[in-house]
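Data first, discussion second: the structure below is written as structure tokens.
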Amino acid sequence: MKNFDIIVVGAGILGLATAYQAQKAGAKVLVLDAGATAYEASSRATGYLSLRGETPAESPLAQEAEKLWDSLDDELGYPTEWTQKGRIWAALDERELDELKSLYGTFQKTDIPFEFLDGDAMRKLIPCLSPNCLGGIWTSRSGHANPQRTSQAFAWAFNDLGGEIREYTPVLELLAEGGKVKGVRTPQGELHCDKLALCAAAHNSLLLAPLGIHFPLAPVRLEALVTTPMPPLFEQAFIGNGLSIRQTKRGNLHMNGGPYEWVDLEIGKEPAKPNTQIVRNILRRAIETMPVLKGAQFLRSWAGIVDMAPDQMTTIHRFESPAGLVTAACSGHGFGMAPAVGIAVSQLLMNRETAMPVGQLSLDRFKNVAPDWRVRRNWQAGRYNS
């Protein structure tokens, strides 16, 4: 007996955006999560929309998301703190400057307007930027929002439409029968549906493996922190010195950055997320980047688990077998992509096709990825990657 039209596995922002769109289209949708709503990758996100100039295959989908962000507050009926004041990549030494020049060459393959600026021009955009900044890339496009508020906005809007979220209800197994989706198994028993959206970040790999499906994703633990409110400093989405930093509407500086710790996951269990000496490393580099932070009070820090594919790109895939199954993961930039990913996944579930540009983002591109790819990349648990 079918309990729901669609079950969404994962109450992160991708799962919530998918659930919202499917419920809005008339489906009866249930969202399940092993923990609290938006408690892993979504809570750790800096809150940027990346237009993916570095990976042109993703850029069309990111630009669709950009169009949706402008009206997302009205769409959901709750604030997201969306701020579209552009994005900056800054270099603080010659090595970073060379890397950004190379990246700029890739960016120019897209139709997004990017400029390469010297250090003085960068400091005109962000006056508190270190005098050591040598230059970088700037675009007036892109933007940032509040990850917690945005995830909650999707969840509340989904609830307003009659959707249901069950927290602390891990999915232990995907159920299929006769080449079709049947439902999921949880500690409380089976729940049945004929369409299933798997948006569980790196848990996607573990849940698909028993079906003989290889989805290469590596879980990595990232740490974030926030200061107490400060006077207005800048409005752009900033990347530099290995950090992402944005200023919230209240004035807090919200930041995160490597080194990242690769970890392993288990089905049905929440991964440990202890804060470590990495927080001190982030603080040191933040003060190097913006010396004004030397006097800032740091309010809190936290960590979350992010999924990473071998090519660090978004994956959205509809399976022929089992029919009714669609999976999605975004390699650490799902926050900004979520409005478009939610539409794509819900349309693939309900219509078997989507108007969103996802043709280059299927699992098919990983056919030749070896089972031991994480070892070859040195991305196995316990290793760090900057």
Overall form of region 180-273 per C-alpha gyration tensor (a/c, 1.5; a/b vs b/c): prolate
Unit charges at the beta carbon, dipole of the chain: most positive-side option, HIS203, LEU51, ALA65: HIS203
Percent carbon-and-sulfur accessible area, region 173-310, ignoring ligands, DNA and RNA, probe 1.4 Å: 52 percent
Candidate lysines - alpha carbon under 23 Å from LYS249, same-chain residues fewer than 8 apart omitted: LYS67, LYS85, LYS124, LYS294
Alpha carbon convex hull of the chain, volume per residue in cubic angstrom: 129 Å³
Charge context of ALA57, other residues only, Cβ under 15 angstrom, K/R +1, D/E -1: -3
Within straight-line cross-link reach of LYS182, lysines at Cα separation under 24 Å, skipping those fewer than 8 residues along the same chain: LYS2, LYS24, LYS28, LYS195, LYS269
For the chain, built as a Gaussian network whose Cα springs stay under 10 Å, the top-fluctuating residue of PRO371, PRO291, PRO216: PRO371
Given charges at beta-carbon only (K, R positive; D, E negative), |dipole| of the chain in Debye: 480 debye
³J(HN,Hα) computed for each position of region 235-243 - Karplus, 6.51 cos²θ - 1.76 cosθ + 1.60, integer Hz, glycine/proline x: 10, 6, 7, 10, 9, x, 6, x, 10
Dimensionless Rg/Rh of region 1-116 - Kirkwood Rh, Rg from C-alpha atoms: 1.07
Three-way shape call for region 55-143 based on the alpha-carbon gyration tensor, with the a/c threshold at 1.5: oblate
Dipole magnitude (debye, nearest 20) for region 279-385, charges at Cβ of Lys, Arg, Asp, Glu: 580 debye
Cβ-defined net charge surrounding VAL29, 12 Å radius [Lys, Arg +1; Asp, Glu -1]: +2
Ellipticity estimate at 222 nm from DSSP helix runs (n ≥ 4, -39,500 (n - 2.57)) divided over the chain, nearest 500: -8000 deg cm²/dmol
Cβ charges +1 (Lys, Arg) and -1 (Asp, Glu), total dipole of region 1-105, debye: 420 debye
Solvent-accessible heavy-atom area per residue, rounded to whole Å², over region 305-386 at 1.4 Å: 43 Å²
Of every Cα-Cα pair in region 102-164, the percent that sits beyond 19 Å: 57 percent
Shape box of region 290-329 [Cα atoms, principal axes, largest first, Å]: 57, 20, 12
Accessible-area composition of region 1-139, carbon plus sulfur, in percent [1.4 Å probe]: 49 percent
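The values are calculated or read from the model by the stated rules, or taken from the named source; none is laboratory data. This one's a predicted model, so the numbers in the text were calculated from it and none came from an experiment. Every residue, glycine as well, gets a Cβ built from its backbone with ideal geometry; the counts of neighbours run over all protein chains shown. Note: areas computed on protein heavy atoms with side chains; ligands, DNA, RNA excluded. Shrake-Rupley method; radii C 1.70, N 1.55, O 1.52, S 1.80 Å.
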